[in-house]
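The structure appears below as structure tokens.
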Amino acid sequence: MTTIASRLQAVNARIEAAARAVGRQPSEVGLIAVSKTFPVALILEAHRAGQSAFGENYVQEGIEKIAALAGFPLQWSFVGPIQSNKTRLIAEHFDWVHSVSRLTIAERLARSRPPRRPPLQICIQVNVSGEASKSGVMPEEARALAQAVAVLPGLQVRGLMAVPEPTPDTGVQRARFRLLRDIRDDIVRQGLPMDTLSMGMSDDLESAIAEGATLVRVGRAIFGPR
Ligand SMILES: *Cc1c(COP(=O)(O)O)cnc(C)c1O
């Protein structure tokens, strides 16, 4: 087995164990392999080992990989910060965007989504770490933003995403993820359906799954150190 295949198997085993530990089905938790900075050859290796969802942080790098791998049935998520002058490229090439935190960005994505493509799948990124993080909408603004994005054409709001500050303290990890879940539950109670909580990375995926993650975004544990 290749290194990538065995690391992928180990990550899937972690997901399965974390889900079972809290009485969830492992199939409720999807894995996005975050391939930023890693070459196309390693993405293909992961694909041969069974992985089909990949995430990228940088627009130019991402669309080059999408073009190079156009013949393969892969699903591409954009998970990085979004500059307004890159919204057209993101809307044209990606399937999901996890990092929407401003209405103007969502409006630009909506305008640029080609009508022949299915709606762009959207997560609202929430800043669950307060001062320790700059990206994401503030928790108290998440519902209004999600509701405003939900009415835009060409987009489908699927849920919330967060990148909490790194900490080895699993109590803090879980508190951040629980906050994201609580915000999601509140938005759902107010009438906007959401089936996605995109949270958890190489170092904290167990805490995220314990708090309800439906998508984990894992880079280093699959591809190695960056
Ligand atoms: C890089 C990145 C990941 C993956 O992080 P790892 O620590 O490599 O698992 C997940 N989400 C986002 C938004 C990232 O930028």
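S135 meets the conditions (1) under 20 Å from P193 (Cβ atoms); (2) of a type outside the set (A, V, I, L, M); (3) under 16 Å from the mean Cα position of the chain (by Cα) in every case but one. The failed one is (1). In summary, P193 fulfils each of the numbered conditions (1) away from the ligand (no atom under 16 Å from the Cβ); (2) in contact (Cβ under 8 Å) with a residue 24 or more places away in the chain; (3) under 26 Å from R117 (Cβ atoms) with the single exception of condition (2). Of all the numbered requirements in (1) among the aliphatic types (A, V, I, L, M); (2) in contact (Cβ under 8 Å) with a residue 40 or more places away in the chain; (3) surrounded by 14 or more Cβ atoms within 10 Å (Cβ to Cβ), V22 misses one, and that requirement is (3).
Could you tell me whether I4 is part of a helix (DSSP H, G or I), in contact with a strand residue (DSSP E or B) (Cβ under 7 Å, 6 or more places away or on another chain), at pLDDT 95 or above and open to solvent by less than 10 Å² (accessible area, probe 1.4 Å)? Please lay out each step first, then the result.
Details: part of a helix (DSSP H, G or I): yes; in contact with a strand residue (DSSP E or B) (Cβ under 7 Å, 6 or more places away or on another chain): no; at pLDDT 95 or above: yes; open to solvent by less than 10 Å² (accessible area, probe 1.4 Å): yes.
Spelling it out, it is not the case that I4 is part of a helix (DSSP H, G or I), in contact with a strand residue (DSSP E or B) (Cβ under 7 Å, 6 or more places away or on another chain), at pLDDT 95 or above and open to solvent by less than 10 Å² (accessible area, probe 1.4 Å).
Taken as a whole, region 45-58 holds no residue that is within 23 Å of S207 (Cβ to Cβ), open to solvent by 50 Å² or more (accessible area, probe 1.4 Å) and free of Cβ contacts under 8 Å to residues at least 60 places away in the same chain. When region 104-151 is filtered for residues that are within 24 Å of V188 (Cβ to Cβ) and among the β-branched types (V, I, T), the ones remaining, listed by number, are I105, I122, I124, V126, V128, V137, V149, V151.
The number of residues in region 59-96 being away from the ligand (no atom under 16 Å from the Cβ), surrounded by 14 or more Cβ atoms within 10 Å (Cβ to Cβ) and of a type in the set (S, T, Y) comes to 1.
Quick one: which residue in A106, A144 is out of contact with any Gly (no Cβ under 6 Å at 6 or more places or on another chain) and without any contact (Cβ under 8 Å) to a residue 24 or more places away in the chain? Explain how you work it out, then say what you get.
Numbers: A106 fails: without any contact (Cβ under 8 Å) to a residue 24 or more places away in the chain.
Testing whether each residue is out of contact with any Gly (no Cβ under 6 Å at 6 or more places or on another chain) and without any contact (Cβ under 8 Å) to a residue 24 or more places away in the chain leaves just A144.
Filtering region 27-44 to residues that are more than 13 Å from the ligand (Cβ to nearest atom) and surrounded by fewer than 15 Cβ atoms within 10 Å (Cβ to Cβ) leaves S27, E28, P39, V40, A41.
Only residues that are within 16 Å of the ligand (Cβ to nearest atom), of a type in the set (A, V, I, L, M) and open to solvent by 10 Å² or more (accessible area, probe 1.4 Å) were counted across region 196-224, and they come to 3.
So, V188, is that one over 17 Å from I90 (Cβ atoms) and crowded, with 21+ Cβ neighbours inside 10 Å or not? Against the criterion (over 17 Å from I90 (Cβ atoms) and crowded, with 21+ Cβ neighbours inside 10 Å), V188 does not qualify.
None of A146, A150, A162 is surrounded by 15 or more Cβ atoms within 10 Å (Cβ to Cβ) and within 14 Å of the ligand (Cβ to nearest atom) except A162.
The values are calculated or read from the model by the stated rules, or taken from the named source; none is laboratory data. A quick note: this is a predicted structure, and the numbers were derived from the prediction, not measured. Don't worry about glycine lacking a Cβ; one is built from the backbone with ideal geometry, like all the others, and counts go over all protein chains shown. Surface accessibility is based on the protein's heavy atoms, side chains included, excluding ligands, DNA and RNA. Shrake-Rupley method; radii C 1.70, N 1.55, O 1.52, S 1.80 Å.
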